[in-house]
Amino acid sequence: MTPAELAFLAVAGFGAGVVNGVAGGGSMVSFPALLVVGVPSLAANVTSTVGIWPGYAGGAAGFRRSLAAQRDRLRPLAVVALAGAVAGSLLLLVTSDDAFDALAPWLVLAACGLFAAQPWLAGRLAARREAAARGPGGAGRGAGAGGDAPASPESAHRGLRFAGIFVASVYGAYFGAGLGVLLLAVLGITLPGRLGELNAVRTVLALLVNSIAVVVFALAAPVVWSAAAAMAAASLAGGYVGARTADRMPVPVFRAVVLALGLAAAAGLFLR
């Protein structure tokens with residue numbers, strides 16, 4: 001790759017890190033950037049995963065205080081996420097270039113839909129939690145009729161939670177864009193707790209999924225290492241900037257730009 005292309009990818013890596021720090025969905029920046037410089041779609045997918053991995057690590061570090069109280073929840077979910085990540089990574093390795101070329105535009109469109117739905121989903125989850133906290137009669141969480149405690153969603157939805165985390169992890173390792181939205185949706189529906197706590201759990205699960213994918217891809221996938229290296233340090237810096245400035249950034253404008261990039265990438269893939 002030329003120095004100009006590597007510089008362009010470094011900028012894209014920084015942007016992907018910022019997007020991940022602000023709202024999630026950094027692959028919607030890094031994947032199209034790799035396509036622009038001529039990397040084939042399958043190689044672009046695995047290179048994007050490897051290149052922006054440091055941004056996920058930085059995001060998880062930012063939630064270290066919130067995670068202290070979530071360790072008991074995280075352990076079983078981490079096992080399920082790791083199993084799904086292995087399955088998704090191996091599935092990608094046995095996918096041919098032609099098959100992935102056919103799937104790629106649809107995967108990008110699916111990721112665009114997830115990314116666009118994220119604000120609506122966050123609002124719905126927040127409203128659901130407020131309603132659950134008030135209880136059926138607005139009395140808050142307490143004893144039910146006759147003094148019996150209501151069933152805990154933590155145990156009642158265990159099977160759905162594990163299945164959802166597994167499917168999301170398979171998808172995330174196969175094609176990373178939109179993983180955070182899927183994970184947060186599953187956690188928000190099946191676990192009690194504040195959205196900030198669930199977001200911390202989601203961040204660690206996403207880091208685990210991407211870590212497994214990075215190891216598998218580094219050993220057996222067509223990673224373009226020069227491109228991945230150009231993105232790596234920049235994505236770490238971008239993730240830090242995004243996390244530190246998330247409250248001050250015009251997120252709707254950010255989302256519009258990222259969605260435009262994703263839709264342009266999908267259109268380009270359809271026209272190939």
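A few remarks follow.
- The fraction of accessible area contributed by carbon and sulfur in the range 75-127 is 74 percent, rounded to a whole number (1.4 Å probe; ligands and nucleic acids excluded).
- Label sites at ARG194 and ALA233, each approximated as a point 7 angstrom past Cα along Cα to Cβ, lie 3.7 nm apart.
- For the range 1-45, accessible area per residue (1.4 Å probe, heavy atoms of protein chains only), Å²: 32
- Sorting ARG194, ARG73 by solvent-accessible area of protein heavy atoms yields ARG194, ARG73, largest first, with a 1.4 Å probe.
- With a simple spin-label model that places each label point 7 Å from the Cα along the Cα-to-Cβ direction, the separation between LEU90 and ALA260 comes to 4.3 nm.
- For the range 158-233, the solvent-accessible area of protein heavy atoms averages 34 Å² per residue (probe radius 1.4 Å; ligands and nucleic acids excluded).
- Of the solvent-accessible surface of the range 158-212, computed with a 1.4 Å probe and all protein chains present, 75% belongs to carbon and sulfur.
- For the range 75-90, backbone phi angles converted through the Karplus equation (6.51, -1.76, 1.60; θ = phi - 60°) give residue-by-residue couplings of 4, x, 5, 5, 4, 5, 5, 5, 5, x, 5, 4, 4, x, 5, 5 Hz, Gly and Pro being listed as x.
- With the simple spin-label model, which puts each label point 7 Å out from Cα in the Cβ direction, the VAL79 to ASP97 separation comes to 4.1 nm.
The values are calculated or read from the model by the stated rules, or taken from the named source; none is laboratory data. All figures in this text were calculated on a predicted structure; none of them were measured in a lab. Neighbour counts are summed over all protein chains in view; Cβ atoms, including those assigned to glycine, are modelled from backbone coordinates with ideal geometry. Areas reflect the complete protein model, heavy atoms only, side chains present, ligands, DNA and RNA absent. Shrake-Rupley method; radii C 1.70, N 1.55, O 1.52, S 1.80 Å.
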